[in-house]
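Where a number appears in this text, it was derived from the coordinates with a stated rule and is not lab data. Just so it is clear, the structure is predicted and the values come from calculations on it, not from any experiment. Here Cβ is always computed from backbone atoms with ideal geometry, including for glycine, and neighbour counts include all displayed protein chains.
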Amino acid sequence: MRPHPPIVFAVVIAAIVTTPTSAMEYWIAPDGNDRAAGTSRQRAWVSPSRGQPTRIREGYKAGDMQLRVLSTEGFLDAGRIIVAGEQRAYTSKSGEAFELTEPLSRDFGGLEYVNDATILGGDSFEPGDVISLVGGEYVDRPLHFCKSGREGKPITYRSAPGEKAVLVSRVYNVAPIKRLGSWKKDSTQHVVFKALGIDNHTDGRHGAAGLELYGIAHVLIEDCDIDISGRDINGDNNGIVISRASDVVVDRCRIRSRQANGILVRGSSDVLIRNSVIYESFNGIQVAKGHFPTHVDVKNCTIYAVNTHGAVNAESPGSIDVENCIIAQAPTAQTPALRGTGSGDFNCVWHVPTPYGPDWNGSPQGAPGQHDIFVDPQFISLDPGTPYFLCIPHDSPAAQGGRKGSHMGAFAPVAWPIKPQGKDFDVRDFGAVGDGVSDDLPAIREAIAEAKAAGGGRILFPPSDNPYLVSDTIHVDADHIHLIGPGATLKLKPGAGRMDLLRVGVCVDAARSGPVEPVIEHVTVEGFTLDGSYRSQL
C-alpha cells in the first residue's frame, strides 16, 4: 500500500489533508524476473499476474498449514503472503495452494484476498495504474486479475506502445485472461484490456475461453486479437465469455473461436460490441438463456465465415440489436444467420442462404430490417494475414449504406491498395527448355521465387511444340503472381505419380486451419494446356 499524507487536526476545524495518489506504470516482459521491482522495462516482472492478489478458495480453518486459493499465478515459488494483516511465510506452492511455515491465527471465509507481502507494500495495484506488457509471447503465463480501479481511473493492462504482447495458453482448459472471484459475492470494476494478443490452439473437452470475464463491470476490451482454435466437441472454448456483467464494451477487436462462439454473453446488461471483426466461429455472437435477461448492442461489426451456426443468436429472455453490420459467408442453410429474440436494421447480408430466423425483428417467420441490403460488400482481401482483411473500398455498397449514410462493417472505407507493376520473368532465363524430356520444375520454382521477392510479376512460358515437364507440384505461395503461357503445355513428368499439377495457397498448422486460413490472392493462370492426368504419364 502506498503511503498517504498525515491527518491534520485543528482546534476549530478537523480536516483530513489528502493528496491524490499518482498512478504508476508497471512492466512485464518475457525476459523479466518476478524478483525485480517491476517499475521499468529494465526491471520488469515476467508473470502477467505479478502484483495481483489471489483469493482463498472454499475457506480456511485456523491451524491449517495449507492455504488453498483460486490461483498462485504471479507469486514466487517461496516467499511471504499477507491475509487481512497477518503475514506468513510459505515454503512452496502448487497451482492452487501455499504450504505455510506457520498457520494463520483465525478462520477466513472464501474469497478473502491474499497478497504478496514482498511487493507493493503488501497490497496491489491502485486505480489509474497501467501494467505494460513488452512485446513477445507469454507462454502458459496467464493473467489472473481481480483488483478494481474506479471511475475515471481504470486499471489498464496493455501491450507496451508500438509492441504486441501475446498471452498463449498451451493447456486447453486454462484461459489466457481470467477474473478471479465469484459473480455472486462481488465484482471487479473499471478495468481496461488494450492491444493484447490472446491465443490457445490446444485440443480438449470443456476448454477455456480466451477471456473469462465473470462478475465484472465497467470494463473495456480494446484493440485485442483473440484466436482460440483448439478442437473442443463441447464448444466451451469461446473467444470471450461475458457473464453476470454490466457496462462492458468490446471495441476494435478481432475474434476467432473455431470450435465455439466468438463472444458468449449471459446474464449481463449494457454490453456493447462495436467496430470488431468476428470470424470463423460456431456462432459469431451468442446471447445465452439464463435466469437474468441479457441485452447486447452490436454496432459496426463484420461477422464473417461462421462455420457451423449463425452470425448472431439471441435466446429468450435475452435480446440483441444489430446495426450497421456486415454479415457475410454464413454457409449453413439449416441455421439462419440472424436468429432468436433479436432485431436489426441497416445491415449488409451477403452470401447467406437463410438470412433470418423466427422472431427476428418481431416477425414469426423472421424479417429483414427496412434498410438491410443484400449485395456484395466487395471485401478488398479475404486473407487474415493482411492489413486489408475484410476492409471495404470507397465504392462498396456498404461504404454509405449504414444509418445516416455511415459505413457498414468494422472498418471505415479505404482506398484500394496500389497494385505492384511487376516484372516479367521468362522461365527460359532460369533454365527451362520445354522439350518434353527435361524436368523444368527447378527453373519454374526459381522464377516464381524471384517474382515473389519482387512483390509480384508475370511468369512467362514461351510457346513450345513439346510440354514443359514437371516432376512435382508447381506451388504458387505469394500474391500477384501471374503464370502466362499461351501455346504452352504443363505436364507431369513420367513417373511423377498422382499429385496436383498446380497448387495456389499456403500450408498452415492443422489446428489453425479452417475456412479462413491464410490465402493467396491476385493470382492468374492464363493460356496454358494443363495435363495432370496420371494415366497420361508415359
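Quick rundown of the values:
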| item | result |
| --- | --- |
| Extended-chain gain in nm, criterion 0.36 nm per residue less alpha-carbon gap, ARG170 and ASP465 | 100.6 nm |
| Simple spin-label estimate for ARG41 and SER22 in nanometres, 7 Å along Cα-Cβ | 2.0 nm |
| FRET efficiency, 1/(1 + (r/R0)^6) with R0 30 Å, evaluated for SER105 and ASP140 via beta carbons | 0.25 |
| Column: log10 I(q)/I(0), Debye, Cα scatterers of segment 53-122, q = 0.15, 0.18 Å⁻¹ | -0.37, -0.55 |
| Calculated over segment 399-476: convex hull of Cα atoms, volume per residue (Å³) | 140 Å³ |
| Stretchable slack from ARG498 to ASP64, in nm (0.36 nm times residue separation minus alpha-carbon distance) | 149.4 nm |
| Segment 302-416: equivalent-ellipsoid semi-axes (sqrt of 5 x gyration tensor eigenvalues, Cα, Å) | 24, 16, 11 |
| Surrounding net charge for HIS144, when Lys and Arg each add one and Asp and Glu each subtract one, Cβ distance under 12 Å | +3 |
| Of LYS185/LYS299; LYS93/LYS184; LYS423/LYS452, those spanning more than 22 Å from alpha-carbon to alpha-carbon | LYS185/LYS299; LYS93/LYS184 |
| Residue-span extension gain [ASP426 to ALA89] - 0.36 nm each, minus C-alpha spacing | 113.9 nm |
| Point-to-point label distance, ASP376-ARG57, nm (Cα→Cβ direction, 7 Å offset) | 5.7 nm |
| Whole-number percent relative contact order across the chain, with pairs defined as alpha carbons under 8 Å at least 6 apart | 6 percent |
| Value at 222 nm in deg cm²/dmol, rounded to 500, when DSSP H runs of n ≥ 4 in the chain each add -39,500 (n - 2.57) | -1000 deg cm²/dmol |
| DSSP beta bridges in the chain [antiparallel fraction, %, rounded to 5] | 15 percent |
| Segment 423-531 - convex hull of the alpha-carbon atoms, volume per residue in Å³ | 106 Å³ |
| Isotropic mean projected area of the C-alpha convex hull, the chain (nm²) | 33.7 nm² |
| Shape parameters for segment 207-334, alpha-carbon atoms, Rg then Dmax in Å | 12.9, 38 |
| Residues VAL312, VAL298, VAL519, VAL277 arranged by fewest to most Cβ contacts within 10 Å | VAL519, VAL277, VAL298, VAL312 |
| Given charges at Cβ of Lys, Arg, Asp, Glu: segment 189-332 dipole, positive-most of VAL219, CYS253, VAL306 | VAL306 |
| Two-site FRET efficiency, LYS404 against GLU151, from Cβ-Cβ distance with R₀ of 41 Å, rounded to 0.05 | 0.85 |
| Formal net charge of residues neighbouring GLY436 (Cβ-Cβ distance under 12 Å; K, R +1; D, E -1) | -3 |
